[in-house]
Amino acid sequence: MTYRDHTRTVKIGDRVIGGGNPVLIQSMTNTRTEDVEATVAQILRLEEAGCEIIRCTCPTQEAAEAIGEIRKRIHIPLVADIHFDYKMAIAAMENGADKIRINPGNIGGRDKIEEVVRCARERQIPIRVGVNSGSLEKDLIAKYGGVTAEGLVESALDKVGMVEDCGYDQIVISIKSSDVLMCVRAHEILAKKTDYPLHVGITEAGTLMSGNIKSSIGLGIILYEGIGDTIRVSLTGDPVEEVKSARQILRTMGLRKGGIEVVSCPTCGRTKIDLIGLAGQVETLVQKYPLDIKVAVMGCAVNGPGEAREADLGVAGGDGVGLLFRRGEIVRKMPEEELLPALEAELDALLHSEQ
């Protein structure tokens, strides 16, 4: 069963998630939201990389008021991240947030939750109810003998119930843990218990290397099981890297087309060109081309020509020289230093032919 095909639809700005709509890529700014110029600049970079929903923290009134100006200057839905102070949630919505992220358990008493939900209902602004393994309630830890997937799900559904009791159902749920297998198990349980759309991610995944590995494994399993309507790859670093990784995960899972796929060999003692450097340059180069093709960068005559022929474009190295392939046919042989410019020229020509 593909759960995402059966989740409710929720409108976030001009985008719709759930109900089998495409899984959207989300990230979060790491600028001070009060700094409008820096925040807008970062969001525009994220948009260019392929981000489709962006979240900004709103810890202060100044940050909530900045939401309005930021929203005017970007092109994707903006989510306000709220903790502890319910007034910030209301202020963010009044200033144009397309969605808010709250944990009803730390936003205040029932009267405060009701005020937030009333504001959201009046403006038809969806609420993302978020629960984290690091903040699981003590009674649930005691009930389940520690932080568990079952405890996370019970906590999340309890918080969803708080919003539903206030007469609102435009809800997105997220349950996150830095424990990959616990996170996977929690999503498996939750998907069977609710039809609200789910935002998925491995929280506090780590730096670029470890974070990508944990996120790829966790999100790969969850997405393969048909779960998830939006995703975030949480990395310690430039959020643009989160978006790049998320795009690659979705393409690998067959959930996203578009963008150039680069395949390259791992190199060995037969490699006689700087393949590592060339592959890195090619990966950077292709990001500016909105083409749905495969580009191969291979290092020697064993697998190189075969792999390059299977790609739309490809290069295969020799002894200081290389072959350029186009759809299985050799275009020409050239010195190593000419391979990258030749590949760029081919991409330019292909892009021009499709316009």
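The values are calculated or read from the model by the stated rules, or taken from the named source; none is laboratory data. What you see is a predicted model, and the numbers here were worked out from it, not measured in a lab. Positions of Cβ are generated from backbone atoms using ideal geometry, with glycine treated the same way; all protein chains shown enter the neighbour counts. What goes into the accessible areas is simple: the full protein's heavy atoms, side chains included, and nothing from ligands, DNA or RNA. Shrake-Rupley method; radii C 1.70, N 1.55, O 1.52, S 1.80 Å.
Observations on the structure shown:
- Residues that are open to solvent by 10 Å² or more (accessible area, probe 1.4 Å) and within 22 Å of Thr252 (Cβ to Cβ) were ranked within the stretch 290-308; the one that is modelled with the highest pLDDT is Lys294.
- Scan the stretch 150-191 for residues that are more than 22 Å from the chain's Cα centre (by Cα) and either in contact (Cβ under 8 Å) with a residue 60 or more places away in the chain or under 16 Å from Leu219 (Cβ atoms) (or both) and the total you get is 1.
- Selection status of Ser216, at pLDDT 90 or above and either within 15 Å of Glu52 (Cα to Cα) or touching a strand residue (DSSP E or B) at 6+ places or on another chain (Cβ under 6 Å) (or both): no
- Conditions (1) crowded, with 16+ Cβ neighbours inside 10 Å; (2) touching a residue at least 40 places away in the same chain (Cβ under 8 Å): number failed by Thr57: (2)
- For the stretch 129-145, filtering for residues that are within 29 Å of the chain's Cα centre (by Cα) and either at pLDDT 85 or above or not in a helix (DSSP H, G or I) (or both) leaves 6.
- Every residue from the stretch 273-286 that is free of Cβ contacts under 8 Å to residues at least 60 places away in the same chain and either under 22 Å from Lys257 (Cβ atoms) or surrounded by fewer than 17 Cβ atoms within 10 Å (Cβ to Cβ) (or both): Ile276, Gly277, Gly280, Gln281, Glu283, Thr284
- When residues of the stretch 157-186 are limited to those that are assigned to a helix (DSSP H, G or I) and either of a type in the set (D, E, K, R) or closer than 16 Å to Val10 by Cβ (or both), the one most open to solvent (accessible area, probe 1.4 Å): Arg185
- Scope the stretch 202-230; condition assigned to a loop (DSSP other than H, G, I, E, B) and either among the hydroxyl-bearing types (Ser, Thr, Tyr) or farther than 19 Å from Arg4 by Cα (or both); matching residues: Thr203, Glu204, Ala205, Gly206, Thr207
- Pair list, Cβ < 6 Å and 6+ apart or interchain, from the stretch 227-238 residues that are touching a residue at least 40 places away in the same chain (Cβ under 8 Å) to residues that are open to solvent by 30 Å² or more (accessible area, probe 1.4 Å): Ile227/Tyr3
- Boolean, Val40 is within 20 Å of the chain's Cα centre (by Cα), crowded, with 16+ Cβ neighbours inside 10 Å and farther than 28 Å from Gly105 by Cβ: yes
- Hits in the stretch 77-91 (condition: among the β-branched types (Val, Ile, Thr) and surrounded by fewer than 22 Cβ atoms within 10 Å (Cβ to Cβ)): Ile90
- Identity of the residue in the stretch 236-253, of a type in the set (Gly, Ala, Ser) and under 16 Å from Gly218 (Cα atoms), that ends up most open to solvent (accessible area, probe 1.4 Å): Ser245
- Of the residues making up the stretch 247-264, those that are at pLDDT 80 or above and not in a helix (DSSP H, G or I) number 9.
- Boolean, Ile189 is open to solvent by less than 40 Å² (accessible area, probe 1.4 Å), at pLDDT 95 or above and out of contact with any strand residue (DSSP E or B) (no Cβ under 8 Å at 6 or more places or on another chain): yes
- Residue in the stretch 324-333 that is assigned to a loop (DSSP other than H, G, I, E, B) and under 30 Å from the mean Cα position of the chain (by Cα) present: no
- Residue within the stretch 344-355 that is open to solvent by less than 20 Å² (accessible area, probe 1.4 Å), modelled with pLDDT of 85 or more and part of a strand (DSSP E or B) present: no
- Answer residue from the stretch 259-272, given it is out of contact with any Asp or Glu (no Cβ under 9 Å at 6 or more places or on another chain), closer than 12 Å to Met298 by Cβ and not β-branched (Val, Ile, Thr) and is least open to solvent (accessible area, probe 1.4 Å) among those: Cys268
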